[in-house]
Amino acid sequence: MWKKIFEPGDWAGVGSHLLLIVTFLGLFGMDAFVGADWPEWRNMMVMVGICVLPVAWVLVSIGLGAAPVGRWIALAAVLVAILRLLWVVYDSGTIPTLAVVPMLVVLFGVAVFFVYTWPKAASRELKELAWRNGWQVVRAKKLRLPVLPLPVGVAWSAKDAVQTPTGVAFEVRWVKWHWLVAQRYRLSAFVRLLDVRLPPLEVRPGSLTRSDVMLESGEFNRSFDVIGEDPRYLTSTLHPRNMQTLLDARPIGLAIDGTVLALYDDGPLTDSLTRGMRALDGLTIPRHVTEDWGQYAGVNQPRPGLSFRNVREDRSYGRMMLRLLGFSAGLLGLTWLGCFAAVSIYGS
């Protein structure tokens, strides 16, 4: 009966809110727990509970979202809390100052995390590289593309793109949690639109899983996995010239879906821009492929900005709760150490 009423996500939501409340109450009464009586302490912890803990909970739960407004609001909340704590520390004397140092370290770490994962504007090197080739740097949110079949993380962000006469290139960044450790990923993408709609096809570099077809090139078979449903379509699309183009561009992967032909590389766009655009221009779709498997694309007006079909969502609620529990325990432990040190050195 309970399984019908509450799904795992519902239990995780209730548990995360209860843990948030417990963490706030623990911080709020930490001075009394170590045998001290600091009137300013509760005011500081109320500010932390209002401005910082909700932001930290979102970060630890699902990572950074792509909305710039949400990023600015979250960062402003953290900075306001830090300024408030600094003001209270300045006005309270030595004892609360020592007690709140671990809290300031944690808040500073949150701010650094925001800066580290913030989508960067096009670097000078990328702009010069685009200028030498006669290409143009544009804002990623101004692109008009269909849903892209690229493997990106759920909390992705993109800043700038390079527009060429034949396609567009951009870099996507996201943060993914590995248990208690957050790691930043990046993917450089190169996209060209087709005149017809084609069935899905993917060429994954590395040859780590399996292929749905074995092609005539042994080197290609050792370097890539080809994923698709129709072996005839895969063989016809990946003709010898296309195979050689992908081999020359290694370790770039290929994804075709609908009207999108996309290449992707796990690395900075500055390192793969020329190589990726050369490969994008070198790939050709034979006429008999478009005639046998292609469909009329029709009039398509994509929305501005970027969107992805193969978003790698992390649906492990157990891992999410473990991260929240680890963050809560670490925050409470550091705060207790600061308060205990202040009481031991200076008294209550």
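Give the aspartates and glutamates reachable from residue 176 as a straight Cα distance under 17 Å; neighbours fewer than 8 places away on the same chain don't count.
List returned: 266, 313, 314.
Count neighbours as other Cβ atoms within 10 Å of each site's Cβ, and list the GluC sites (Glu not before Pro) in the range 187-287 that are DSSP loop with at most 16 such neighbours.
Those that pass, being in a loop and sparsely packed, are 216, 229.
With every protein chain left in place, what is the accessible area per residue of the range 239-283 in square angstrom, probe 1.4 Å?
Roughly 34 Å² per residue, with all protein chains present.
Taking the Cβ of residue 138 as the centre, find all other residues whose Cβ is under 15 Å away and add up their charges (Lys, Arg: +1; Asp, Glu: -1).
Net of charged neighbours comes to +4.
Full-extension gain between residue 18 and residue 309, please, as 0.36 nm times their residue separation minus the C-alpha to C-alpha distance.
Full extension from residue 18 to residue 309 adds 101.4 nm.
Could you order 227, 50 so the one with the most accessible surface comes first? Probe is 1.4 Å.
50, 227
Pop a pseudo-label 7 angstrom from the Cα along the beta-carbon direction at both residue 128 and residue 141 and give the gap in nm to one decimal.
In this crude label model, residue 128 to residue 141 measures out at 2.9 nm.
Taking only C-alpha pairs under 8 Å that are 6+ residues apart, what is the relative contact order of the range 186-279 in percent?
Averaging sequence separation for qualifying contacts and normalising by length gives 42 percent for the range 186-279.
With every protein chain kept in the model, how would you rank 288, 17, 239 by accessible area, 1.4 Å probe, largest at the top?
Per-residue accessible area, sorted high to low, gives 17, 288, 239.
The values are calculated or read from the model by the stated rules, or taken from the named source; none is laboratory data. Note that this is a predicted model, so its numbers are computed, not measured. Every residue, glycine as well, gets a Cβ built from its backbone with ideal geometry; the counts of neighbours run over all protein chains shown. Note: accessible area is taken over every heavy atom of the protein model, side chains too, but ligands, DNA and RNA are not part of it. Shrake-Rupley method; radii C 1.70, N 1.55, O 1.52, S 1.80 Å.
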